[in-house]
Amino acid sequence: MAEGDAVRYEVHRRVAWVTIDRPDARNALNAAVRSGLLDAARRFNDDPDAAVLVLTGAGDQAFCAGGDLKEMAASELRVPPPDFVPQFGRTIEIAKPTIAAVNGVAYAGGFLLALMCDLCVAAEHARFAVTEAKVGRGAPWAARLGRIVPPRIAMELLVTGDPIDARRAHDLGFVNTVVPGDELRDAAQGLAERIAANAPLSVAAAKRMVREAWDGDPDAFARAEALWEPVYLSEDAQEGPRAFRERRAPEWKGR
């Protein structure tokens, strides 16, 4: 049933539930979670009994609060490779549909996880934010965000780091459905089962067609990574996680 202590994998009526299980750390993406997510994605790909994957977080406070800044500060992480966090459709191919069931905050790397899924169901109390600007880190994975939400909204999210609530995310087209928190699991399960009941070749072709239209520019990620590399290599990129660990405001130097 389990991929490891940090990530759980279980199948219920042809729906594979992948749960990040670090609620005390707001389901942050430490090394164990990242490895567990990759293992779970591979298991889903090879699982004939699973037609749809639902990704969620344990508890009711956080889907995923992003990278583990304490771990980053300790390791002095510089430029993370593209596969630092498994990205469905980019660093690991998944032909079957995926759904994010967002049960709380989806910040930074948590936003990435919601973005990479094909569909998104959110609890009413969910919040979404690209918080990298607040800690001096980078978000090359958001290169195509402007193809889902209007470009000015993408700009706002990236340069302010401010969160938006589930209703606004729905109005912007980022979230498919918003439900009360205690109905999230049933809503995601119901959506997944409706997909799983359909012809698998039709579903796979539909996913591929939409994804290819969405991807549009095959060089977008490469250009984004080149833009963000000097940010990752800056003094500020180390100051942000360090300040978080030391519970103080960061002192930006712009270099």
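What follows is calculated from the coordinates using simple rules that are stated; it is not laboratory data. Note that this is a predicted model, so its numbers are computed, not measured. Here Cβ is always computed from backbone atoms with ideal geometry, including for glycine, and neighbour counts include all displayed protein chains.
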The chain: calculated mean residue ellipticity at 222 nm from DSSP helix runs of at least 4, using -39500 (n - 2.57):
-12500 deg cm²/dmol
Relative contact order, percent, of the stretch 160-255 when contacts are C-alpha pairs under 8 Å separated by at least 6 residues?
13 percent
Alpha-carbon centroid distance for the pair the stretch 115-137 / the stretch 36-89, whole angstrom
14 Å
Please give the peptides 164-173, 96-105, 122-131, 135-144 ranked by average Cβ packing (other Cβ atoms within 10 Å per residue), highest first, as a rough proxy for protection.
96-105, 122-131, 135-144, 164-173
Quick query: amide H of residue 127 versus all other amide H atoms, modeled in the peptide plane; which residues come in under 5 Å with a sequence gap of 5 or more or a different chain?
104, 105, 106
If you work out percent of Cα pairs over 30 Å apart from the coordinates, which of (1) 32; (2) 23; (3) 27 do you get?
(2)
So for the stretch 24-176, using the alpha carbon gyration tensor with a ≥ b ≥ c as root eigenvalues (a/c under 1.5 gives rounded; past that, a/b versus b/c decides prolate or oblate), I'd call it rounded
Separation of alpha-carbon centers, the stretch 183-244 and the stretch 139-170, rounded to whole Å
13 Å
The stretch 58-98: GluC sites (Glu not before Pro) falling in loop per DSSP and having at most 13 other Cβ within 10 Å:
76, 93
Rounded to the nearest 5, the percent of DSSP beta bridges in the chain running antiparallel is 30 percent
Farthest toward the dipole's positive end in the chain, which of 107, 33, 224, given Cβ charges of +1 (Lys, Arg) and -1 (Asp, Glu) about the Cα centre?
224
Are there any GluC sites (Glu not before Pro) in the stretch 200-255 that are in a DSSP loop and have at most 16 other Cβ atoms within 10 Å? List them by number.
251
Can you pull the Kirkwood radius for the stretch 1-109, inverse mean 1/r over Cα pairs, to one decimal in Å?
14.1 Å
